[in-house]
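The values are calculated or read from the model by the stated rules, or taken from the named source; none is laboratory data. Everything quoted here is computed from the prediction, not taken from an experiment. When we count neighbours, we look across all protein chains shown, and the Cβ atoms used for this are built from the backbone with ideal geometry, even at glycine.
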């Protein structure tokens, strides 16, 4: 792999999250400098910052895009105990010429009493629904019943997970074979408090979310969690960032027709990697769920892939090399594109001067 | 099958300081990496540097490789449609032909891309061997001939050297002369060797008988003719006789006085040591293998190959050198271990193009046993899915990927559904292209979603006509209603409609939503009025209210529209119709408690106009025509 391009991000403090939009043509970044920036990719592949504004009164932890069916909508969450929803307003023509756009706040969600640690939109087939989780252990699900009026959100569900929450992930599957489901991770480090990953499932009859499963084998603090895209499988795959990288398979067990409770799952661990030798902070799947990436305390990003026999192994490592780019931190640098080809190749006949 | 343990490669990311974490975000075809700090309590760090876009080396953006992908796509699609009804053995020539097509595509690309030649050469070499061994599956006798062709094809430098020698003043005295002769012999090109030797023979009349003897030996070497009447056994007998004759020449020192001819004689008899002395001319162990087989065991059977291959590899490489990935792959091929070949190629080659297409072809030849994979797919499909997924991230090659997904029966469709939604809809043209693909495959949810995205985008940019037509295509009644409302609001504000063409030509789509129907019919009213077809216009206007097509909020506007029709010299609304209009007005005013002056004035005006019209209508209807 190689670094194709480097973008001077211009945040005045640490970046905590970067999120691509659905089509990969825009990106949002959020930072401890309390602002969010939106970047647009031009036809020649260059990134331009088209908006930058202060969003919260504390560090912004996560930023996420809604599905483009709902327009250009972002959500952010922060240490300041709030989450916010932003919508892009199509500006005056001279703004467009200058390549700028405006985002306005549609709503602030203030129900949390502690830092809001994650914010995610539910899968689009559920409508425009936003989920937050907080350090106070509560998961909140909001819905905007009228997608043309983003200032109206109602709190539909408030779920107490008992442990401080750090991350949520929705099962992206829209199959009617199973009800909506999300997983919550807790970063509570006390191992005696039991499993740190909980799975909640929607019940059609009670119209509420009920806990379907707790992964008891995950007892250390969980920092990130991610359901893999479903791809027509009957079971679910969940990746967890904890003291190592773990991949679980959740197989729904056949329900008796009379059973009204949540689905029972058979939980199997598919893979476990401690290569980071330390805490793992993020996990994320690529679009086809053929690659998992993880980031850890060792300052590396590792890529994991399963071969066709479903054996997982590490297929690549991205490592910070400690050498600063010219014009580095502290000073806002001009937009620069550095194309550095650092080859990755195997030995022998297939030598590295070829990019293939 | 054991996994070769290959260490994952490390890519360095320029980072400002040690002790930080790397954050990441997956994108289409790349991954963004940035410096950050993950700490449970919330970290405050120093100023932030850059976000890096990291991509895999498989640079499918190279235009030459794009040609490779495009051309092989045609071949792939053609292969999938080879008649299922033909029995396997009849299909073999077609498969061989397809294999040759793939290879010619590789060669075409090689010509254009000189620097990439080494990789392309290697994959063509491997593919060629796979074609010989697996697809053409030559039996003993033909096998060696095919292998000879294979070696000759991949050792072109002999001809270059020969040309150089022949073009010199005195070829027989050229320093490379004997190298050329020996190279020809090593490749079994005996006719050409003889022609070269003639030049030497003329220079040494004293040794004429020796050269004559060599010429005879060379001309008498039997080569198996697969199309002929001779059986393999008969050929073998003949060959052994010849072999003995050559050996006899060696034993009785017929060529002892000419070291070059002696060497050639030893080669003809298959002496390993002599062959190994010419490593520089052979240059590869597999050339050594084929030459050795040519002169020791030309009737070699496919099943015997691996034994010779392994020993030749060992003999050829000296103790210092390590087999390279290419060597292991070729060895696996000689061992007929197709799965190992595919696996080693997947690891050694940094892209999926080669293994995906080759495996697909081998699968069609029914050479792959189907493994039941973890999620029920098989190796062929796994590789095709990987290859096609890689194509999907490219701004124009993604269209090729569609065909590949189409031919993956287990997961092709779901992969396509997932990925086609992510194709950026930069222009309307591109969106229509994506839509056509989805519609052809009855991917109704994707169609709906794409239309909705386009409708939303148009609405945000205030292009109501475009938004409306996209929501009609999405069959999104709610959105169509919303946009129709906007049209009507627009009309109320400005007094004219925008996008008249669209509204006039709605056709049956009008029925998607009530509001849309009203919009269409209301516009129709305006058209009728404009064409002075007042009677029809009046009837339509009334029906909009009485049939409850018009929303109550619009009735005032409709009634106001009726005013000019009421004020005309000619009576347009009949008495009954006027009564109905009055009724509507009363319905409206009884509900509304507005006491705005303008509203009241309007109501009064209407009442007056309606009353006057009623009077005139009654008179008109009561009058007997004279």
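General observations
- With a requirement of 1 or more residues that are closer than 16 Å to residue A:169 by Cα, the strands (runs of 3 or more DSSP E) lying completely within the range A:207-273 that satisfy it span A:208-215, A:224-227, A:236-241, A:245-252.
- Inclusion of residue B:582 among residues that are touching a residue at least 12 places away in the same chain (Cβ under 8 Å) and under 60 Å from the mean Cα position of the chain (by Cα) is not warranted.
- Test: residue in the range B:601-621 that is assigned to a loop (DSSP other than H, G, I, E, B) and either surrounded by fewer than 16 Cβ atoms within 10 Å (Cβ to Cβ) or in the same structural domain as residue B:498 (by the TED database) (or both): no
- Segments classed as helices (runs of 4 or more DSSP H), wholly inside the range B:270-349, with at least 3 members that are surrounded by fewer than 17 Cβ atoms within 10 Å (Cβ to Cβ): B:272-277, B:305-316
- Of the residues making up the range A:6-35, those that are more than 7 Å from chain B (Cβ to nearest Cβ) and modelled with pLDDT under 90 number 1.
- Checking the range A:163-172 against the condition returns a match, with at least one residue being within 12 Å of another protein chain (Cβ to nearest Cβ), closer than 30 Å to residue B:456 by Cα and at pLDDT 90 or above.
- Of all residues assigned to the range B:360-380, none qualifies as being within 11 Å of chain A (Cβ to nearest Cβ), closer than 28 Å to residue B:94 by Cα and modelled with pLDDT of 90 or more.
- The selection criterion, being at pLDDT 75 or above, more than 8 Å from every other protein chain (Cβ to nearest Cβ) and farther than 24 Å from residue B:54 by Cβ, does not hold for residue A:273.
- Screening residue B:356 against (1) at pLDDT 90 or above; (2) within 22 Å of residue B:125 (Cβ to Cβ); (3) within 11 Å of chain A (Cβ to nearest Cβ) leaves a single unmet condition, (3).
- Exactly one residue out of A:38, A:3 is in contact (Cβ under 8 Å) with a residue 40 or more places away in the chain, over 21 Å from residue A:169 (Cα atoms) and away from chain B (no Cβ under 11 Å): that is A:38.
Matching residues to (1) surrounded by 19 or more Cβ atoms within 10 Å (Cβ to Cβ); (2) within 14 Å of chain A (Cβ to nearest Cβ); (3) assigned to a loop (DSSP other than H, G, I, E, B); (4) touching a residue at least 60 places away in the same chain (Cβ under 8 Å):
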| site | (1), (2), (3), (4) |
| --- | --- |
| B:454 | yes, yes, no, no |
| B:467 | yes, yes, no, no |
| B:483 | yes, yes, no, no |
| B:488 | yes, no, no, yes |
| B:498 | no, no, yes, no |
| B:503 | yes, no, no, no |
| B:519 | yes, no, no, no |
| B:532 | no, no, yes, no |
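- Residue in the range B:545-556 that is part of a helix (DSSP H, G or I), out of contact with any helix residue (DSSP H, G or I) (no Cβ under 6 Å at 6 or more places or on another chain), free of Cβ contacts under 8 Å to residues at least 12 places away in the same chain and surrounded by fewer than 19 Cβ atoms within 10 Å (Cβ to Cβ) present: yes
- Scanning the range A:301-319 for residues that are within 7 Å of chain B (Cβ to nearest Cβ) and buried (at least 22 other Cβ atoms within 10 Å of the Cβ) yields a count of 2.
- With respect to the conditions (1) part of a loop (DSSP other than H, G, I, E, B); (2) in contact with a strand residue (DSSP E or B) (Cβ under 6 Å, 6 or more places away or on another chain), residue A:288 lacks only one, and its number is (2).
- Which listed residue is in a strand (DSSP E or B), within 25 Å of residue B:458 (Cα to Cα) and at the interface with chain B (Cβ under 10 Å from one of its Cβ atoms), from A:87, A:69: A:87
- Checking each residue in the range B:423-450 for being touching a residue at least 12 places away in the same chain (Cβ under 8 Å) and surrounded by fewer than 16 Cβ atoms within 10 Å (Cβ to Cβ) picks out B:428, B:433, B:445.
- Against the test of being part of a strand (DSSP E or B), modelled with pLDDT under 95 and within 14 Å of chain B (Cβ to nearest Cβ), the options A:49, A:77 yield a single qualifying residue, A:49.
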